[in-house]
1. Quick check for me: using +1 on Lys/Arg Cβ and -1 on Asp/Glu Cβ, what's the dipole size of the chain about its Cα centre, in debye to the nearest 20?
2. Please sort through the DSSP H helices of the chain and keep those with an alpha-carbon extent of at least 27 Å along the long axis and a Kyte-Doolittle average not below -0.5.
3. Using r as the Cβ-Cβ distance of residue 459 and residue 589, and R0 as 45 Å, what FRET efficiency do you calculate, to the nearest 0.05?
4. For the stretch 200-240, what is the charge dipole size about the Cα centre, in debye to the nearest 20, if Lys and Arg each add +1 at the Cβ and Asp and Glu each add -1 at the Cβ?
5. When the convex hull of the C-alpha atoms of the stretch 493-540 is computed, what volume per residue in Å³ does it have?
6. Relative contact order for the stretch 423-599: what is it in percent, counting Cα pairs under 8 Å that are at least 6 residues apart?
7. Pick out, in residue order, every one of the GluC sites (Glu not before Pro) in the stretch 443-531 that is DSSP loop and has at most 16 other C-beta atoms within 10 Å; say none if there are none.
8. Calculate log10 I(q)/I(0) of the stretch 551-605 for q = 0.16, 0.19 Å⁻¹, where I(q) comes from the Debye formula with a single equal point scatterer on each Cα and nothing for solvent.
Amino acid sequence: MSADRRIEAITQRIVERSKPTRAPYLERVRAAAAKGVHRSVLACGNLAHGFAVCSPGDKAALSGDTVPNLGIITAYNDMLSAHQPFETYPTLIREAARAAGGVAQVAGGVPAMCDGVTQGQPGMELSLFSRDVIAMAAGIGLSHNMFDAAVFLGVCDKIVPGLVIAALTFGHLPSIFIPAGPMTSGLPNDEKTRIRQLYAEGKVGRAELLEAESKSYHGPGTCTFYGTANSNQMLMEIMGLHMPGASFVNPNTPLRDALTKEAAKRALAITALGNEFTPSGEMIDERSIVNGVVGLHATGGSTNHTMHLIAMARAAGIQLSWQDISDLSDIVPLIARVYPNGLADVNHFHAAGGMGFLIKQLLKAGFLHDDVRTVYGQGLAAYTIEPKLGADGNVLREDAPEESHDPKVLARIESPFQPNGGLKMLTGNLGKAVIKISAVKPERHIVEAPAIVFHSQQAMQDAFKEGRLNRDFIAVVRFQGPKANGMPELHKLTPALGVLQDRGFKVALLTDGRMSGASGKVPAAIHVTPEAVDGGPIAKIRDGDMIRLDAVAGTLEVLVDAADFAARPAVTVDLSDNDYGMGRELFASLRQMAGPADMGASVLF
């Protein structure tokens, strides 16, 4: 167990809370694993279909029960920069599998949408639900019962959480996640933000904005800011689902290919056919989930994971809560400064010491559980390394440095950038919400101002352009929750609010929608639950109501007489415009079924 008693106490309360669901989950995993190699239960006709296009050698290997078969679930498409590198991965994985005496097959593909493309567009209303669709699509691929282990090729926002849910649903199989890495550094993120704000003010045109955006997002790999996609990669490594050091190596490099081949071989080595059987459902436990939350706080990671981690944990029968996440935030210091929490990008983070230095520092202070299982076969201390390319073309691992290569990007645990992780839960008479303050200046952690209510991003943008927002206010943007319209990210509001804050006004955002990993310098109480469409208190707010957002005390209050506020009717609005177009009609049943944000906003649990 961790040396820090506070981490141990939170972990233990999650264990106790989870017993009614974790125990039956493990029984199902163990019962499935006890059946042995699953191809043995397939009828000859089933098996013939399963290897019809294989080479004669692979057919011979798969006819029996002694050669492991690796299922590849891929999120490849060539529109998304983060996923385009996966085009060549199946070939690399097949070659590595054959070299290791196994077989690999693409079991299925899953959709992969880009929030960057759909930001502020109707398609963004499909984004959150794509996580659960991805989990189901991966489940279909693995349901053929042909595989002894699985590798998952995915990177971005909803894709990795969806794939983790699938991996844990098939928890009797070993699973390894194989990343593609970040694109090389382009236009600095702070300069991109400056151009966006100038565009919002009408001081530069579309041509200048497009040029800046194109210099920022310019090649294969993930976007280089520390949003949900790169938070995903951090999580997979600190939870032991990546090979050590795999997260932030650039695409199309010899080291990247070497890590991919190594992961394929390792996946075959940890099947039930060998001596190191590591089923993902047993490997990932309450300690692994806590390690993920600790990593999120130490790096100032994405607010989306206040929902995704809960949904991922529930897939393994583990009951994580916002209170757990908030309490861990109070304990774990911020030791990484990566945009939007600093000027560096993830390439600078990796060069400063990356995941190996981060994990070493957190272990040293007792903030992580070292005694976890990982796909590498050792505890988390084995991840305190830097990956290099050996002379033989294989992965070579060296000890992570004792000192950061850039203390402005990665700090020692003894001298953190701030004493807490900056992700907090807010509670009060408006319900529950989440706020990320790691990039918000301390003097803005408390905002008390009158409400201005909007029912869409566009309405607030119009008000900004018309000059009606040059004052202190809290923007209440409601009917943006999972049931209302799929809970889109509201990043189009960021430039306008940033401009107003720079002009000296006290501003904040309060919404039942999302902001995600790019949440920046403006205080934002997000994921408000109950959401407006369910008649939550946010639906009772009126223009001019004084609201107090206090990220220090962890409170969110409308300062209205309690009896008067309780007597107010909840506002309703016509949401029919959200029902059709860009595929939204296909997601009507998911909007109706969606759970609340603090339970993962899932349609599966």
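No value in this document is a laboratory result; all are computed from the given coordinates. It should be emphasised that the depicted structure is a prediction, and the values quoted were computed from it without experimental measurement. Note: ideal-geometry Cβ built from the backbone for every residue, glycine included; neighbour counts use all protein chains shown.
1. 260 debye
2. For the chain, where a helix must reach 27 Å along its axis and average at least -0.5, there are no hits.
3. For R0 = 45 Å, the calculated efficiency reads 0.95.
4. 40 debye
5. Here the figure is 75 Å³ per residue.
6. Relative contact order comes out at 29 percent.
7. Here the GluC sites (Glu not before Pro) that fit, given the DSSP loop and packing criteria, are 466.
8. Scattering profile of the stretch 551-605, log10 relative to I(0): -0.84, -0.92.
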